[in-house]
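Worksheet: one structure, shown below.
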Amino acid sequence: MIQISIYKRLKNYKDLMLVFIWREFTIRYKQSFIGILWAVIQPLSMMLLFTFVFTYIKPVKFSNYPYVLFLYSALLPWSFFSSSVNYAVPSLTNHYNLITKIYFPREILPLSGIAVAIIDFCIASLVYMVLLAVFRADITWNVLWFVPLFSLLVIFTVSVCLIFSALNVYYRDVKLATGFVIQLWFFATPVFYSIDKVSLKLKLILFLNPLTFIIENMRRCVVEGRGVILWQFALELSLTVLLFFAAYRYFLITEKKFADVI
Amino acid sequence: MLSDNLSIELIQLWKKYYRENLFHRSLRDDLMNFIRPSKNKSLLENNEFWALKDINIDVKKGESIGLYGPNGSGKSTLLKLIANVTFPTRGHVSVNGRVAPLIEIGAGFHKDLTGRENIYMNGAILGMTISEIKTKMDSIIAFSEIEDFIDMSVKKYSSGMYLRLGFSIAIHSEAEILLIDEILAVGDEAFKDKCIQKVMELKQRGKTMVIVTHNRKLMEKVADRVVFLEKGVIL
């Protein structure tokens, strides 16, 4: 039912959505000297920093393959998530001018930010491929899991962005909190560490964070050649889809008051 | 349902606003309504006021009506309700056809984009498709008379150029219903005349219009009928 309503809402606004995505992409790198390279600089610099810390300052061995690969494989999806949230949360309040004057499905605003993050993700993936080739990672057929896992990540990201962008219309606290919540969330997600060696009890706690499952497995399936446990994936998928429906419903209910409240 | 020859029908429309920031209040309301939805919406609570009271207006297809009244009389709120941007506290709004709100021209402009890029942006916001914008591009630029600056970013535009471009995009929309809020006062005399002429031409082509302006002479020229509003009530 709700899928039909999303389709019906967005069908007539396909071109508006495309123009928004194009615009976000254009203005992001307008008057910038290195332009699109910024999409790779963020994950790359984080990768160098953490590699430096865990190689020279406090040598820790997280994996039996290069730490650079270990890190980049998780930084890639993480950067997608954090840049989506950072863009989407203030997206509605930033377009105050449009929201109080013209009707269009409001979810176009956060969604176009996520779409730009997907483009950035693709660009950063090219660097990933170079790294995989340089460090001679053993790629197996399990690499195909990357696609369903990424889809899961997108659904989860969209849900989070819908809820918090709508909430930010009411409470600007959301925008103020985003920065440090994202920072905390980063440490709660196995990006620079792995959950492989932690105790079962701790594992269960870490798995309360949906990104733990997604990001850990995105690393396993590519650089470690491991598969995803099917029932776990099915469970995570159903929970995420449920979250998405709830988030979208919440967005549609609050949307009616955006223009009065913003 | 709306009968075929009507474009806009407003039935017993009431709109309530809250004087202070209503943000946490309204979220609390939502939660309360969720639990017990019986709250009487027609009573005014502390600090609330009616922006519109019992408004009934029918606009026929191809008709132009003017809204006239002092500041704060509810004209813009009425336009927002027709544009589906906000929703009535009580009553019904029925609209037949696509609405292009020509409210505050250039609301969709982004200062870092060029004039041409902003045509895509604003055109899409007004409901045009990309291919439609492409075919109308030359005509939009020609009407605005700013060909020489069209590939310059709009932050360098003068306010007159800004308005010219915004108006030019707006009148190229295919929408059946145009909401025109104080935008006929754009640019220099020559351009203003050209805009009024264009609006008359659109009227002849059968577009429905709702016009808000403080210029009585202009109002009499363009509108078939004028509705006088004061403090949210039709006089």
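Listed conditions (1) under 30 Å from B:ASP148 (Cα atoms); (2) over 15 Å from the mean Cα position of the chain (by Cα); (3) at pLDDT below 90 are all met by B:ASN71, apart from (1).
Looking at this structure, is B:VAL210 outside any strand (DSSP E or B), buried (at least 20 other Cβ atoms within 10 Å of the Cβ) and touching a helix residue (DSSP H, G or I) at 6+ places or on another chain (Cβ under 8 Å)? Here the answer is no, as B:VAL210 does not meet what is asked.
With respect to (1) under 24 Å from the mean Cα position of the chain (by Cα); (2) surrounded by fewer than 13 Cβ atoms within 10 Å (Cβ to Cβ), the lone exception for A:ILE57 is condition (1). Taking the criterion of being touching a Leu at 6+ places or on another chain (Cβ under 8 Å), more than 12 Å from every other protein chain (Cβ to nearest Cβ) and not aliphatic (A, V, I, L, M), would at least one residue in segment B:146-155 satisfy it? Among the residues of segment B:146-155, not one is touching a Leu at 6+ places or on another chain (Cβ under 8 Å), more than 12 Å from every other protein chain (Cβ to nearest Cβ) and not aliphatic (A, V, I, L, M), which makes the answer no.
Return the residues of segment A:217-252 that are surrounded by fewer than 19 Cβ atoms within 10 Å (Cβ to Cβ) and among the charged types (D, E, K, R); say none if nothing qualifies. Result: A:ARG226, A:ARG249.
Residues checked against (1) at pLDDT 90 or above; (2) touching a strand residue (DSSP E or B) at 6+ places or on another chain (Cβ under 9 Å); (3) outside the structural domain of B:PHE49 (by TED's automatic domain parsing); (4) not in a strand (DSSP E or B):
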| site | (1), (2), (3), (4) |
| --- | --- |
| B:SER76 | no, yes, no, yes |
| B:GLY106 | no, no, yes, yes |
| B:LYS111 | no, yes, yes, yes |
| B:ARG116 | yes, no, yes, yes |
| B:SER131 | yes, no, yes, yes |
| B:MET137 | yes, no, yes, yes |
| B:ALA142 | yes, no, yes, yes |
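Given the criterion within 29 Å of B:GLU176 (Cβ to Cβ) and either within 12 Å of another protein chain (Cβ to nearest Cβ) or at pLDDT 90 or above (or both), identify the matching residue among B:SER3, B:SER26, B:SER64. Step by step, each of B:SER3, B:SER26, B:SER64 is checked, and only B:SER64 is within 29 Å of B:GLU176 (Cβ to Cβ) and either within 12 Å of another protein chain (Cβ to nearest Cβ) or at pLDDT 90 or above (or both).
If you go through segment A:10-38 and keep only what is away from chain B (no Cβ under 12 Å) and surrounded by 16 or more Cβ atoms within 10 Å (Cβ to Cβ), you end up with just A:LEU10. Screening B:SER73 on (1) surrounded by fewer than 20 Cβ atoms within 10 Å (Cβ to Cβ); (2) in contact with an Asp or Glu (Cβ under 7 Å, 6 or more places away or on another chain) shows it passes everything except condition (1). The number of residues in segment A:97-145 that are within 29 Å of B:SER76 (Cβ to Cβ) and either without any contact (Cβ under 8 Å) to a residue 12 or more places away in the chain or within 14 Å of chain B (Cβ to nearest Cβ) (or both) comes to 13. Counting only helices (runs of 4 or more DSSP H) wholly contained in segment A:1-67, the ones carrying 1 or more residues that are in contact with a Ser or Thr (Cβ under 8 Å, 6 or more places away or on another chain) and closer than 30 Å to A:MET129 by Cα occupy A:14-28, A:38-52. Cβ-Cβ contacts under 6 Å between residues 6 or more apart (or on different chains), taken from a first residue in segment A:64-87 that is β-branched (Val, Ile, Thr) to a second residue that is surrounded by fewer than 24 Cβ atoms within 10 Å (Cβ to Cβ), are listed as A:VAL68/A:THR51.
The values are calculated or read from the model by the stated rules, or taken from the named source; none is laboratory data. Model, not experiment: these values are computed from the prediction. A quick note on method: Cβ atoms are made from the backbone with ideal geometry, for glycine too, and the neighbour counts reach across all protein chains shown.
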